[in-house]
Amino acid sequence: MKTLVLASKNRGKIREIEEMLRGLPWEIKSLYDYPDCPEPAETGETFLANALIKARTVSRHTSEVVLADDSGLEVDALGGEPGVRSARYAGEGASDDENNDQLLRVMSDVPEGQRGAAFRCVLVLYHPRGDYVTFEGTWRGVIASSPAGTEGFGYDPLFYLPERGLTVAQLTPEEKNRLSHRSQAVGRLRKYLQSLDPDP
Ligand code: ITT
């Protein structure tokens, strides 16, 4: 088995990506396996820039192949905010609940019909020799007026899917992993990894 280090401390992401990469000949690790790894400073203005910062930092520290996920919520009525600031929308170190409350406050005057949004995920697969490939996924939905559901993480309780009549936090983990921005990006990554290592 080869080792793939997820450049993440977000347990929700790690759980989802591990599940989606099941069955491939890669042992999946995360930053919880490398407690001395320096904390990457996510100073980029794009998902790709931040994913690259995380991937480089972790690959230098571990000398392993690294997968970084930079993702977030882009709200149409807010010109794409919170975007790369999704994890810290209510301030540095904010909890998911605090970020959700902040989003509801900021959107309190936005009428139904103008509450469209997208989850975006950018993955960087980074080799310690310095080359990398990227994969993306986008998932459209609507920001609900109050939270619902207990599954998932982050903004899932507010991300409403009109075609399902449910928020993402009301989906089963299996359903989220079939539909999400992250599953689209990881699906592309899976195909790439399989093309490197086709079954005999
Ligand atoms: P790592 O950098 O350690 O991976 P992070 O949470 O800081 O963890 P990001 O900087 O990429 O990661 O921020 C992503 C934020 O976007 C995340 O904290 C959520 O608030 C939100 N987000 C991303 N994917 C999501 C999903 O599938 N469901 C709900 N919210 C999501």
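The values are calculated or read from the model by the stated rules, or taken from the named source; none is laboratory data. Fair warning: this is a prediction, and the values are worked out from it, not measured in the lab. Quick reminder, even Gly has a Cβ in these numbers, built from the backbone with ideal geometry, and neighbours come from all protein chains shown. In case anyone asks, the SASA skips ligands and DNA or RNA and just uses the protein heavy atoms, side chains included. Shrake-Rupley method; radii C 1.70, N 1.55, O 1.52, S 1.80 Å.
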Residue list for segment 113-135, filter: under 14 Å from Arg188 (Cα atoms), touching a Lys or Arg at 6+ places or on another chain (Cβ under 7 Å) and within 14 Å of the ligand (Cβ to nearest atom): Cys121
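Any residue in segment 101-112 that is within 13 Å of the ligand (Cβ to nearest atom), assigned to a helix (DSSP H, G or I), under 10 Å from Ile143 (Cα atoms) and of a type outside the set (Ser, Thr, Tyr)? If you could, list the steps in order and put the result at the bottom.
Of the residues in segment 101-112, the ones within 13 Å of the ligand (Cβ to nearest atom) are 101-103.
Narrowing further to those that are assigned to a helix (DSSP H, G or I): 101-103.
Pick out the ones that are also under 10 Å from Ile143 (Cα atoms) and you get 103.
From the residues that got through so far, the ones that are of a type outside the set (Ser, Thr, Tyr) too are 103.
Within segment 101-112, one or more residues are within 13 Å of the ligand (Cβ to nearest atom), assigned to a helix (DSSP H, G or I), under 10 Å from Ile143 (Cα atoms) and of a type outside the set (Ser, Thr, Tyr).
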Is it the case that some residue within segment 83-102 is more than 17 Å from the chain's Cα centre (by Cα) and open to solvent by less than 20 Å² (accessible area, probe 1.4 Å)? no
Can you confirm whether segment 37-52 contains a residue that is open to solvent by 40 Å² or more (accessible area, probe 1.4 Å), within 16 Å of Arg182 (Cβ to Cβ), touching a Ser or Thr at 6+ places or on another chain (Cβ under 8 Å) and more than 9 Å from the ligand (Cβ to nearest atom)? yes
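Name every residue in segment 149-188 that is among the hydrophobic types (A, V, I, L, M, F, W, C), away from the ligand (no atom under 11 Å from the Cβ) and part of a helix (DSSP H, G or I), in order of residue number. Talk me through it step by step, then tell me what you get.
Pass one, segment 149-188, residues among the hydrophobic types (A, V, I, L, M, F, W, C): 153, 158-159, 161, 166, 168-169, 171, 179, 185-186.
In the following step, the residues that additionally are away from the ligand (no atom under 11 Å from the Cβ) were identified as 161, 166, 186.
Val186, the sole residue that qualifies.
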Would you tally the residues in segment 163-200 being under 29 Å from Ala90 (Cα atoms), in contact with a strand residue (DSSP E or B) (Cβ under 6 Å, 6 or more places away or on another chain) and not charged (D, E, K, R)? 6
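Search segment 5-36 for residues being away from the ligand (no atom under 11 Å from the Cβ) and assigned to a loop (DSSP other than H, G, I, E, B), and hand back the single one that is most open to solvent (accessible area, probe 1.4 Å). Working first, answer last.
Within segment 5-36, the first condition is being away from the ligand (no atom under 11 Å from the Cβ), and the residues that meet it are 5, 18-29, 33-36.
Still in the list and also assigned to a loop (DSSP other than H, G, I, E, B): 21-25, 34-36.
Details: Leu21: 6, Arg22: 147, Gly23: 77, Leu24: 20, Pro25: 61, Tyr34: 45, Pro35: 104, Asp36: 127 Å².
Applying the filter and picking the extreme gives Arg22.
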Among the residues in segment 115-128, are any open to solvent by 70 Å² or more (accessible area, probe 1.4 Å) and at pLDDT 95 or above? no
Taking segment 57-77 as the region of interest, how many residues are farther than 14 Å from Leu31 by Cβ, buried (at least 17 other Cβ atoms within 10 Å of the Cβ) and more than 11 Å from the ligand (Cβ to nearest atom)? 2
